[in-house]
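Below: one structure, written as structure tokens.
Just so it is clear, none of the values below were taken in a lab; they were calculated from the coordinates. Worth saying up front: this structure is predicted, and the values here are computed from it rather than measured. Please note: Cβ atoms are built from the backbone with ideal geometry, for glycine as well, and neighbour counts cover all protein chains shown.
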Amino acid sequence: MFVDSHCHLNYPKLVERQAEVLAHARARGVTTMLNISTREREWGDVIATAEREPDVWASVGIHPHEADQHPDVGAAKLVGQARHPRVIGIGETGLDYYYDHSDRERQRASFRAHIAAARETGLPLIVHTRDAEEETAAILTDEMGRGGFGGVIHCFTASADFAAKALALGFYISISGIVTFKNAKDLQETASRLPEDRLLVETDAPFLAPVPNRGKPCEPAFVADTAKMLADLRGIDVAALAATTSRNFFDLFAKARA
């Protein structure tokens, strides 16, 4: 049984056929999905999906791309939404210096607000980082010194050095379908060596469909394909990897387990 630790069920290409997408996932053994929000206007629909579907959970957050558009979303607003019983995570948040869709200082302020909300609620922080490894690690380290919090680096594509820093801070690392791409040799090497008890799998659906589904909108069902590749890289049975990553998910997102 698989857990998709990061998907966007309310995004175009999935939301129009959400019932079918969920049926596909369940047919392939995906028993739990975390539906991630990226902007405030999504929160209601993302939570409503989790209210309607017992195997779907929700997060509340502002993607770094959207930071400029949400100057009023601080820790207090996130904490208020996180009281909902189906909300189990804060994010996704972080830094994206590849596209720079939002001012970098605004991204940093939003990131720190999400960290404050994670610390106050005890819910895991869901971190996006692209072309911002050094600063992401620096902010996480600085904020950890102000008080502990847990979290996950989602859709991990960064360096082995960044993985080591994240692990040292107690973070989990989530592997997406990118690990199945033939040009992802460095990621494959890192993923093969990550500690068993800190490993998650995800789709980031509708993006990044893994082999053999390239060219299609990604779906939570495809987490089974990513898990198979990851299990092969690590030299273990896919059922063992599914059990481990599912257990890790509920260890991190303890509100869902409760």
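Structure above, values below:
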| quantity | calculated |
| --- | --- |
| Output for region 216-242, where each listed residue is free of Cβ contacts under 8 Å to residues at least 12 places away in the same chain and closer than 14 Å to T31 by Cα | A239 |
| Residue ID - surrounded by the most Cβ atoms within 10 Å (Cβ to Cβ), chosen from residues in region 156-185 that are outside any helix (DSSP H, G or I) and in contact with a strand residue (DSSP E or B) (Cβ under 6 Å, 6 or more places away or on another chain) | I175 |
| Pick from region 230-240, criterion hydrophobic (A, V, I, L, M, F, W, C) and surrounded by fewer than 22 Cβ atoms within 10 Å (Cβ to Cβ), ranking: farthest from V211 (Cα to Cα) | A240 |
| Single unsatisfied condition, N213 versus (1) in contact with a helix residue (DSSP H, G or I) (Cβ under 8 Å, 6 or more places away or on another chain); (2) assigned to a helix (DSSP H, G or I) | (2) |
| Enumeration of residues in region 110-126 that are under 15 Å from T38 (Cα atoms) and small (G, A, S) | S110, A113 |
| Qualifying residue in region 102-122 (condition: touching a helix residue (DSSP H, G or I) at 6+ places or on another chain (Cβ under 7 Å), within 23 Å of V60 (Cβ to Cβ), surrounded by fewer than 24 Cβ atoms within 10 Å (Cβ to Cβ) and polar (S, T, N, Q)) | yes |
| Residues that are out of contact with any strand residue (DSSP E or B) (no Cβ under 9 Å at 6 or more places or on another chain) and either of a type in the set (S, T, Y) or over 21 Å from A160 (Cα atoms) (or both), drawn from region 186-207 | S192, F207 |
| Selection status of F250, surrounded by fewer than 19 Cβ atoms within 10 Å (Cβ to Cβ) and not in a loop (DSSP other than H, G, I, E, B) | yes |
| Some residue of region 11-31 being assigned to a strand (DSSP E or B), under 20 Å from A82 (Cβ atoms) and in contact (Cβ under 8 Å) with a residue 12 or more places away in the chain | no |
| Set G94, G80: member being under 17 Å from E40 (Cβ atoms) and either under 19 Å from the mean Cα position of the chain (by Cα) or crowded, with 17+ Cβ neighbours inside 10 Å (or both) | G94 |
| Selected residue (criterion: surrounded by the fewest Cβ atoms within 10 Å (Cβ to Cβ)) from residues of region 11-48 that are within 12 Å of P220 (Cβ to Cβ) and among the β-branched types (V, I, T) | T31 |
| Filter result (over 14 Å from N35 (Cα atoms) and of a type in the set (A, V, I, L, M)) within region 202-222 | L208, A209, V211 |
| When residues of region 138-155 are limited to those that are in a helix (DSSP H, G or I) and within 19 Å of the chain's Cα centre (by Cα), the one farthest from R104 (Cα to Cα) | L140 |
| Filter result for I173 (touching a Phe, Trp or Tyr at 6+ places or on another chain (Cβ under 6 Å) and among the aliphatic types (A, V, I, L, M)) | yes |
